[in-house]
Every structure is written in structure tokens, then in C-alpha cells.
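Some notes on the structure that comes next.
The numbers here are math on the coordinates, done by the rules we state, and not lab data. Note that the structure is predicted; figures quoted are calculated from it, not measured. Here the Cβ is made from the backbone with ideal geometry for all residues, glycine too, and neighbour counts use every protein chain on show.
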Amino acid sequence: MSNEGKKVSVHYVGTLDDGTTFDSSRDRGTPLDFTCMAGQMIPGFDLAVRDMSVGETVNVRIEAKNAYGERDENAILAFPRSIFRGEGDPIVGATVTLTSPDGRPFPAVIAGFDDENIKIDVNHPMAGKALNFEIELLSAE
């Protein structure tokens, strides 16, 4: 029976291929609730939950294309240094918060700089990575 369109509740643990945990609803002690196949989750996660039964636990590996997508080198943008306040040189690898055209904040990473520009990587931090999940379906209504 498909869970498509149902409000589901899951516990999950997400790991990278090296075994590093990047997120866990279990660690927070709070299940994740979402509507299955409504575009609220990465596509591979939705697909994994769609055909699960309540009480079932699955382990899935989601390739980058079905997670946060492949890295896009065109998503490294140059901004004039003058728009960044502060003193001294930026720190490569530091996270900065930018604002989308619709006003939502999102994280980006300083990829480099020169005397005139700061290069900002706006790829999602998980872009280009395969993600592994252990998912337990708690309920589907």
C-alpha cells in the first residue's frame, strides 16, 4: 500500500559513506513528520518511505542526483568585497548567511577571495554526496 499523499512520521539516522552521522531525528528525540511525495523531502527519501509499512525499518543509499543534486561549479559566485562588512580577510571555508530573492536566509561558504571579490559557494552543503539513511516508519495517515 502506498503512502503517497499521506502524512507520515519517521525516525531516521543519516550518514555519509564514511559513517559520519550528519543528521538524526533519534538524537533529537523528535520524529520527522511530512506529507509523503509532496516535495517536502529530497526525492530519494520520499521514494524510500512511499512503499514502507508502519513499523518497518529500511536502510537506503540515496545518490546525489536524488538527494541534493550534483555540485555545480557555476554556483560559485563572485561578490564585491565592499558588500561584506568587517575588517580583515575573509576565512576560506567559513559559513556566511545570504538572503534569497524571496527573503529567506540560506547558508553559503566562502570559497576564496582576492583584492576585489569574495567567491561564495552557494551549493547546498550536501550537494554531490550520496546519503545513507536508516528510516523507521512510525505512522502513516
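Here the chain is assigned +1 on the Cβ of each Lys and Arg and -1 on the Cβ of each Asp and Glu. Its dipole about the Cα centre then comes out at about 300 debye.
Between Val109 and Leu16, the FRET efficiency estimated from the beta carbon spacing at R0 = 22 angstrom works out to 0.80. Counting lysine pairs in the chain that sit 8 or more residues apart in sequence, or on different chains, and whose Cα atoms lie under 25 Å apart gives 5. Debye-formula intensities of segment 1-70, expressed as log10 I(q)/I(0) at q = 0.18 Å⁻¹, are -0.72 (one equal scatterer per alpha-carbon, no solvent).
Building the convex hull from the alpha-carbon atoms of the chain and averaging its projection over directions returns 10.4 nm². Bins of 5 Å, beginning at zero and ending with the bin holding the largest distance: percent of Cα pairs per bin for segment 73-121, please. Calculated P(r), rounded to whole percents: 5, 21, 31, 28, 11, 4, 0. Between Asp23 and Gly14, the built amide H atoms are under 5 Å apart, and every one of these is 5 or more places off in sequence or on another chain. For segment 73-121, the relative contact order is 43 percent, taking Cα pairs closer than 8 Å that sit 6 or more residues apart in sequence and dividing their mean separation by the residue count. Couplings for segment 101-117, taken from phi via the Karplus curve 6.51 cos²θ - 1.76 cosθ + 1.60 with θ = phi - 60°, read x, 8, x, 8, x, 8, x, 9, 10, 6, 9, x, 6, 9, 5, 10, 10 Hz in order; Gly and Pro are left as x. For Leu16, Leu131, the sequence from fewest to most other C-beta atoms within 10 Å is Leu16, Leu131. Which residue fluctuates most in the GNM of the chain (Cα springs below 10 Å): Ala48, Ala64, Ala94? Taking springs between Cα atoms under 10 Å, the residue moving most is Ala94.
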